[in-house]
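The values are calculated or read from the model by the stated rules, or taken from the named source; none is laboratory data. Quick caveat, the model's predicted, so the values are computed rather than measured. Glycine gets a Cβ as well: all are built from the backbone with ideal geometry, and neighbour counts include every protein chain shown. For accessibility, only protein heavy atoms count, side chains too; no ligands or nucleic acids. Shrake-Rupley method; radii C 1.70, N 1.55, O 1.52, S 1.80 Å.
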Amino acid sequence: MTATLTHGAPAPTAGTALQVENVTKTFHVARSASGNDRLKALDGVSLSIGRGETVGLVGESGCGKSTLARTLMLLETPDSGSITFEGRDPFSLRGKELMAWRRRVQMVFQDPFASLNARMTAGEIISEPWATHRSLYKTARERDARLRELLQLVGLRSSDAKKSPQEFSGGQRQRIGIARALALNPDLIILDEPVSALDLSVQAQVLNLLNELQQKLGVSYLFISHDLSVVRHVTDRVAVMYLGRIIETGTTEDVFERPLHPYTAALMSASPKLDPAERPAERIVLRGELPSPLDPPSGCRFRTRCWKAQDICATERPAARTAQETGRTTAALPAPAVRRPGAVWSLGTAPGAGPGSGSAWPDGTPVPEQAGMADFTHLAECHFPMEEPAAPEQPATVG
């Protein structure tokens, strides 16, 4: 699978773990009133994730977030475009190479109640991946030791391994799901609404746990969420989706403080803020309903709800423009720590320092070790981006 990199797609760098370029995915569904039976869930999606980086993916329900996650997990096959992980196309892998790749990309699901088998104990759930990947821990003693370590890593006790999921709270169940994802020592974890089913106090515990694990282990996260306050707290960069397209990307500070796209600005103004000084002077209320993905608007897909829309928005799809091209300022973000591919996740070890760490795939193919963000250029697909926010007024000085 190959594709031409479109204008505005993130450019691959030595620190890129995952690179998605111009990916499309169409589903055949029952014919709609408009006569269309093809639903384009992903329409030219481009995204990059650096090593040790957390990228947030936000957008309304039905915009394609979960379809993108399923595609990255190889549960769906894209119609066109390319997906590369550490420079390799996972859709071209077969046999042992494919099994080795699946070990390095794992997922934590939204519902901690439905994602665990009620007929298995917590220990059986966490250790189940080792039944497929037998070479990872070959003896029962190694598996038992690793199980105890994983339970400790996510804040559970060794005795919890013998309990069934029904005996745990929602937050504890999600910790079991995280431990299961860690069992194969992955380099990238896709978190699909990992805290939406939890109450606020438990959300904070799980988010702090994810942050601690990233600091210790150098893992990369794709964090999918509706909750903007959570995304702002845990992510380095943010991508905003609307009707199957990523319409804005940038550092978390840039996207939240200086949004370029009107849709992003509307999302940010709707996000509740405790500090009155941080609340917008006037909330942006979008008119109309989210259009059907079976019959999306021509040109700019957001134009039917946009207060800045003009005639060109109906006829031409906007190209991605950088903040600099619109005369805006951006924030710089330092590169995160890097974890070598294949490093075993352990307590008390620096990223990449555990046994089994290395800089090559199992077949010997070298993997670059440079750290760094994949790409933190602030981009937005819009003909008429938002203006630069006014600087807050400084209090007058006396004397």
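Return a yes/no flag: does segment 96-104 have any residue that is assigned to a helix (DSSP H, G or I) and of a type in the set (D, E). Give the steps one after another, and end with the answer.
First, pick out the residues of segment 96-104 that are assigned to a helix (DSSP H, G or I): 96-104.
Pick out the ones that are also of a type in the set (D, E) and you get 97.
The answer is yes, given that some residue of segment 96-104 is assigned to a helix (DSSP H, G or I) and of a type in the set (D, E).
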How many residues does segment 248-296 hold that are among the aliphatic types (A, V, I, L, M), farther than 30 Å from A30 by Cα, at pLDDT below 85 and under 24 Å from the mean Cα position of the chain (by Cα)?
-> 1
Confirm whether R317 is at pLDDT 90 or above, in contact with a Gly (Cβ under 6 Å, 6 or more places away or on another chain), within 20 Å of C382 (Cβ to Cβ) and not in a strand (DSSP E or B).
-> yes
Just give me the residues in segment 145-185 being more than 21 Å from L213 (Cα to Cα) and either touching a Gly at 6+ places or on another chain (Cβ under 6 Å) or charged (D, E, K, R) (or both), in sequence order.
-> K162, K163, E167
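Every residue, every condition in (1) open to solvent by 20 Å² or more (accessible area, probe 1.4 Å); (2) over 17 Å from G244 (Cβ atoms), yes or no:
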{"site": "L57", "(1), (2)": "no, no"}
{"site": "G62", "(1), (2)": "yes, no"}
{"site": "S66", "(1), (2)": "yes, no"}
{"site": "A69", "(1), (2)": "no, no"}
{"site": "E76", "(1), (2)": "yes, no"}
{"site": "L93", "(1), (2)": "no, yes"}
{"site": "E97", "(1), (2)": "yes, yes"}
{"site": "R102", "(1), (2)": "yes, yes"}
{"site": "V105", "(1), (2)": "no, yes"}
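Got at least one residue in segment 33-42 being open to solvent by less than 20 Å² (accessible area, probe 1.4 Å) and touching a helix residue (DSSP H, G or I) at 6+ places or on another chain (Cβ under 9 Å)?
For segment 33-42, residues open to solvent by less than 20 Å² (accessible area, probe 1.4 Å) and touching a helix residue (DSSP H, G or I) at 6+ places or on another chain (Cβ under 9 Å): present.
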Give just the number: which of (1) in contact (Cβ under 8 Å) with a residue 24 or more places away in the chain; (2) surrounded by 18 or more Cβ atoms within 10 Å (Cβ to Cβ) does Q172 not satisfy?
-> (1)
Flagged in segment 139-162 as open to solvent by less than 60 Å² (accessible area, probe 1.4 Å) and either touching a residue at least 12 places away in the same chain (Cβ under 8 Å) or not in a helix (DSSP H, G or I) (or both), in numbering order, are R146, L147, E149, L150, L151, L153, V154, G155, L156, D160, A161
Going through (1) surrounded by fewer than 23 Cβ atoms within 10 Å (Cβ to Cβ); (2) out of contact with any His (no Cβ under 7 Å at 6 or more places or on another chain); (3) at pLDDT below 90 one by one, L207 fails only at (2)
Which residue pairs have Cβ atoms under 7 Å apart, sit 6 or more places apart or on different chains, and have a first residue in segment 126-138 that is of a type outside the set (S, T, Y) and a second that is part of a loop (DSSP other than H, G, I, E, B) and modelled with pLDDT under 95?
-> I126/A183; P129/A183; P129/L184; W130/L136; W130/Y137; W130/A183; H133/L184; L136/L184
Could you tell me whether any residue of segment 248-256 is over 22 Å from A380 (Cα atoms) and touching a strand residue (DSSP E or B) at 6+ places or on another chain (Cβ under 7 Å)?
-> no
Given (1) at pLDDT 95 or above; (2) at positive phi, number of the condition F223 does not satisfy = (2)
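Given the structure, is R134 open to solvent by 30 Å² or more (accessible area, probe 1.4 Å) and part of a loop (DSSP other than H, G, I, E, B)?
yes
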Segment 108-127: number of residues that are open to solvent by 10 Å² or more (accessible area, probe 1.4 Å) and in contact with a Leu (Cβ under 8 Å, 6 or more places away or on another chain) = 1
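Answer with yes or no whether D192 is open to solvent by 10 Å² or more (accessible area, probe 1.4 Å) and within 16 Å of A69 (Cβ to Cβ). Give the derivation first.
On the way: open to solvent by 10 Å² or more (accessible area, probe 1.4 Å): yes; within 16 Å of A69 (Cβ to Cβ): yes.
Taking the combined requirement at face value, the residue satisfies it.
Just a yes or no: is a residue in segment 231-245 open to solvent by 20 Å² or more (accessible area, probe 1.4 Å), aliphatic (A, V, I, L, M) and touching a strand residue (DSSP E or B) at 6+ places or on another chain (Cβ under 8 Å)? Let's see the steps before the verdict.
Taking segment 231-245 first, the residues open to solvent by 20 Å² or more (accessible area, probe 1.4 Å) are 232-234, 236, 245.
Filter once more, so that each one left must be aliphatic (A, V, I, L, M): 234.
Keeping just the survivors that are touching a strand residue (DSSP E or B) at 6+ places or on another chain (Cβ under 8 Å) gives 234.
Yes - at least one qualifying residue is present in segment 231-245.
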When (1) farther than 19 Å from L153 by Cα; (2) at pLDDT 90 or above are applied to R173, the one that fails is (1)
